[in-house]
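Novice: Have a look at this one.
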Amino acid sequence: MKIICVGRNYAAHARELNNAVEEEPVIFMKPETALIPARQPFFIPDHAEDFHFETELVVRINKVGKHIEERFAHRYYDEVSLGIDFTARDTQSKLKSKGLPWELSKGFDGSAPVGTFIPLQRLNKSVQDLRFTLHVNGEVRQSGHTADMIFSVDRIIAFVSAYFTLKIGDYIFTGTPEGVGKVQAGDQLIAELEGERLLNLAVR
Ligand code: MG
């Protein structure tokens, strides 16, 4: 499986990192080894100093597809969850300044914990009408609404499927709202979608 990620998909987050709002989605990928098995902690690696959480809606692809038209894209997923796009911000800043790829800062082991998936049908809401929050040690640090995405889930699927065949079980991380911040050993991260706790992750 593959993990496709969108960067700068919420204008307020693009602004907080001094990035432009893009005309096309910014796409990068993480390898399967970025996942964290259920109930395992995120162990802070020693290859950087400044690891940030980015809480994101994650869509699970349920059908093989390529060159998917936006109007048919909703047929390619029916479950969503929340994930953390862990980012070594110091490494990423160095790579960005040199115009180099981001993988070392975003694709390392454990950089993509994903919570429990729930059927969209159970939420009985549009994928573009979902609220989500991240609590760190009991305090709300990120609060997002999928209506604020610059590129909708269906637009993202149409865009990426022109380049990469989507396969069953692939994940799409759809970008983070503002409020990203540094994690420290001992932190407890809890992500909720529409009030439902989907991810509970210890940082060690
Ligand atoms: Mg992100």
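Novice: So how much slack lies between Gln40 and Leu17, counting 0.36 nm per residue of separation and subtracting their Cα-Cα distance, in nm?
Specialist: Between Gln40 and Leu17, full extension yields 5.3 nm more.
Novice: Moving on. Would you give the gap between the C-alpha center of the range 27-44 and the C-alpha center of the range 98-137, rounded to a whole Å?
Specialist: 11 Å
Novice: Search the structure for amide H atoms under 5 Å from the amide H of Gly181, placed 1.01 Å from N in the peptide plane, and list their residues when 5 or more places away or on another chain.
Specialist: Residues meeting the criterion, in which the H sits 1.01 Å from N, are Phe53.
Novice: While we're here: Which far-off residues, 5 or more places away or on another chain, put their amide H under 5 Å from the one on Gly107, with H placed in the peptide plane?
Specialist: Under 5 Å from the amide H of Gly107 lies no amide H from a residue far enough along the sequence or on another chain.
Novice: Modelling each spin label as a point 7 Å along the Cα-to-Cβ direction, I'd like the Asn137/Ile168 distance in nm, to one decimal.
Specialist: If labels sit at Asn137 and Ile168, their model points lie 4.4 nm apart.
Novice: What's the extension gain from Leu100 to Asp148 if we count 0.36 nm per residue and subtract their Cα-Cα distance?
Specialist: Length gained between Leu100 and Asp148: 14.4 nm.
Novice: Highest GNM mean-square fluctuation, the chain, Cα pairs closer than 10 Å: which of Ser97, Ser143, Ser126?
Specialist: Ser97
Novice: Here is a further query. ³J(HN,Hα) across the range 57-71 via Karplus (A = 6.51, B = -1.76, C = 1.60, θ = phi - 60°), whole Hz, x for Gly/Pro?
Specialist: 5, 10, 10, 9, 6, 10, 7, 6, x, 9, 6, 7, 6, 3, 5
Novice: Taking amide hydrogens as modeled 1.01 Å from N in the peptide plane, which residues meet the under 5 Å criterion relative to Arg141, leaving out close sequence neighbours?
Specialist: Leu134, His135, Val136
Novice: Related question: Label Lys2 and Asp90 with points 7 Å out from Cα along Cα→Cβ: what is the distance between them in nm?
Specialist: 3.2 nm
Novice: Using a Förster radius of 25 Å, what is the FRET efficiency between Ala202 and Thr116 based on their Cβ-Cβ separation? Nearest 0.05, please.
Specialist: So the FRET efficiency works out to roughly 0.95.
Novice: Return the sequence-ordered ³J(HN,Hα) values of the range 122-136 in whole Hz as given by the Karplus equation 6.51 cos²θ - 1.76 cosθ + 1.60 applied to θ = phi - 60°, using x for Gly and Pro.
Specialist: 3J(HN,Hα) across the range 122-136, in whole Hz: 5, 6, 6, 9, 5, 4, 9, 9, 10, 9, 9, 9, 10, 9, 10.
Novice: Measure off 7 Å from each Cα along the Cα-to-Cβ vector at Glu70 and Gln184, then give the distance between these two points in nanometres to one decimal.
Specialist: 4.4 nm
Novice: Further, regarding this structure: Applying the Karplus parametrisation 6.51 cos²θ - 1.76 cosθ + 1.60 with θ = phi - 60° to the phi angles of the range 155-165, what ³J(HN,Hα) value in whole Hz is obtained for each residue in order, glycine and proline being reported as x?
Specialist: Once θ is set to phi - 60°, the couplings for the range 155-165 become 5, 4, 4, 4, 5, 5, 6, 6, 10, 10, 5 Hz.
Only the coordinates and a few stated rules stand behind these numbers; no lab work does. Values in this document were obtained by computation on a predicted structure and should not be read as measured data. Glycine gets a Cβ as well: all are built from the backbone with ideal geometry, and neighbour counts include every protein chain shown.
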